[in-house]
Amino acid sequence: MNSICTGPLSAAGLSRRGFLNRFGMGLGGVALANLISPANLFAATRGPDHGILNGQLHFPAKAKRVIYLFMAGGPSQIETFDYKPVLNQRNGEQLPASVRMGQRLTGMSGNQSSLPLAGSKFGFKQYGRNGTWVCDLLPHTAKVVDELCIVRSVFTEAINHDPAITFLQTGSQISGRPSIGSWVHYGLGTDNENLPSFVVLITPGKVDQPLYARLWGSGFLPAQHQGVQFRSGKDPVLYLSNPDGVTTASRRLLLDRLKDLHAHAAQKSGDADVDARIGQYEMSYRMQTSVPEVMDLSKETEATFELYGPDAKKPGTFAANCLLARRLAEKGVKFIQLYHQGWDQHGGLPKGISVQCKETDQASAALITDLKQRGMLDDTLVIWGGEFGRTSYSQGKLTADDYGRDHHPRCFSMWLAGGGAKPGMVYGETDDFSYNVAKDGVHVHDFQATMLRLMGIDHERLNYFFQGRRFRLTDVFGKVVEPLLA
């Protein structure tokens, strides 16, 4: 075929793409564009960004947006929401073989000569209309427990941080897949053309386990679906501000000429990615005004700052990020991801988890209260949780005042609030040792399918054709956990 096409194409001065665009009144070019990038076909003519679903949801949406509080490192369920008095009664005894059942351990505790059970050093009390057990480390969260849907039976296959975080955030333990926020943007588009649909906020200063940009990357989806990290400080978004000597007017002039060049290239090549590229340039220009406005907390009331706690006035803290997340939600940002590191407590857990809970408890509860009093909780889904749980036995030496806990994928706790999640509910049970799921297990893919369902998306129908097959967030697994839906 090459020998047949080379002559005529060269004589006409056309590329193969140009030939297809002229052949059959352009139908050849349309076919090529669909093969190369079906999601971008006719992207330039769709008008406002309503996502690939173009506003045609699979189900009535309960949640219009998501605020995902990710506790990176793996919070201990035994010191938060999974009360296990048996561990205190049998403190120091060996983990029974009948409980472990030969399950895999990490290399960090797999070589220990003993696996002594470690009861929690902290007390639990019952709160709310259903008497839900909550650890004393979370007094503010306990006050809003009637708004929470606590799932005590989440489980995963990943036993180490990197694959476990990647699994929660992308649906695969292997990097390269689109992140959960990218899938939401791909499906639903945006409600504010002046801000990204997917924003990432990270509490700075904690580096026990690194976070990678691929956790909020778009993978094989078009690049405009990736998350945009907002930072504290002078430049919240890198490379957004004009360089010295460049005025707003000159920036506008540059973009106008660049748009002309891109339009010429798009007409010649028929590549929808060119339109997407200029769209991103235009977005960055609009963000020069919208980002400073949303980042400015000076108009928030003193009562609001008191609600979120003393750290709320310190840019970059978890409390300040929770307050900023509420502001972004008000502006129509669909997916807001907060990362708070430091939960990886292999040793010194009592001291370490006390610090973590103090940094996050009040602000997490305040976010729910703030959203509710503004009438936003009903259509805003708030999620709290890490990548796995912690072991019921002590890693390292167990003493009267100190112990550590290793990674534990077999069961851990997460909670949801608002956005159509059933309030005041505890779902799932673990055994007396918080080692195995005893009832109503929720796999990572089940959690992802349920989150999408609350946003009006069928997880099996939101997919993307790549490398010969259709991919989705939940891969080929996952089921919606219907009891979690209000």
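The values are calculated or read from the model by the stated rules, or taken from the named source; none is laboratory data. As the structure is a computational prediction, the values presented were derived from the model and not from experiment. Cβ: placed from backbone, ideal geometry, glycine included. Neighbour counts: every protein chain shown.
Here is a yes/no grid of residues against (1) in a loop (DSSP other than H, G, I, E, B); (2) among the polar types (S, T, N, Q); (3) touching a Phe, Trp or Tyr at 6+ places or on another chain (Cβ under 6 Å):
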| position | (1), (2), (3) |
| --- | --- |
| 98 | no, yes, no |
| 104 | yes, no, no |
| 114 | yes, yes, no |
| 120 | yes, yes, no |
| 129 | yes, no, no |
| 133 | no, no, yes |
| 140 | no, no, no |
Looking at 153, 172, which is the one that is assigned to a loop (DSSP other than H, G, I, E, B), modelled with pLDDT of 95 or more, among the small types (Gly, Ala, Ser) and at negative phi?
172
Residue by residue through region 63-90, note down the ones that are part of a loop (DSSP other than H, G, I, E, B) and either farther than 21 Å from residue 378 by Cα or more than 18 Å from the chain's Cα centre (by Cα) (or both).
72, 73, 74, 75, 76, 80, 81, 82, 83, 84, 90
Only one of 252, 214 is out of contact with any Asp or Glu (no Cβ under 6 Å at 6 or more places or on another chain), in a helix (DSSP H, G or I) and exposed (fewer than 12 other Cβ atoms within 10 Å of the Cβ); which?
252
If you go through region 468-486 one residue at a time, how many are assigned to a loop (DSSP other than H, G, I, E, B) and free of Cβ contacts under 8 Å to residues at least 12 places away in the same chain?
2
Matching residues in region 328-364 (surrounded by fewer than 19 Cβ atoms within 10 Å (Cβ to Cβ) and over 20 Å from residue 205 (Cα atoms)) number 4
For region 236-265, pairs from a residue that is within 25 Å of residue 296 (Cβ to Cβ) to a residue that is among the β-branched types (Val, Ile, Thr) and not in a loop (DSSP other than H, G, I, E, B), with Cβ under 6 Å and 6 or more apart or across chains, are 236/291; 237/291
Single match in 110, 131 (criterion: surrounded by fewer than 22 Cβ atoms within 10 Å (Cβ to Cβ), without any contact (Cβ under 8 Å) to a residue 60 or more places away in the chain and more than 23 Å from residue 428 (Cβ to Cβ))
110
Output for region 355-396, where each listed residue is within 15 Å of residue 139 (Cβ to Cβ) and in contact with a helix residue (DSSP H, G or I) (Cβ under 9 Å, 6 or more places away or on another chain)
357, 359, 360, 361, 362, 363, 364, 365, 366, 368, 369
For region 175-195, how many residues are outside any helix (DSSP H, G or I) and over 26 Å from residue 311 (Cα atoms)?
11
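For region 255-370, please list each of the helices (runs of 4 or more DSSP H) lying entirely inside it that holds at least 1 residues being more than 30 Å from residue 71 (Cα to Cα) and either modelled with pLDDT under 95 or more than 26 Å from the chain's Cα centre (by Cα) (or both).
Fully inside region 255-370 and qualifying: 272-295.
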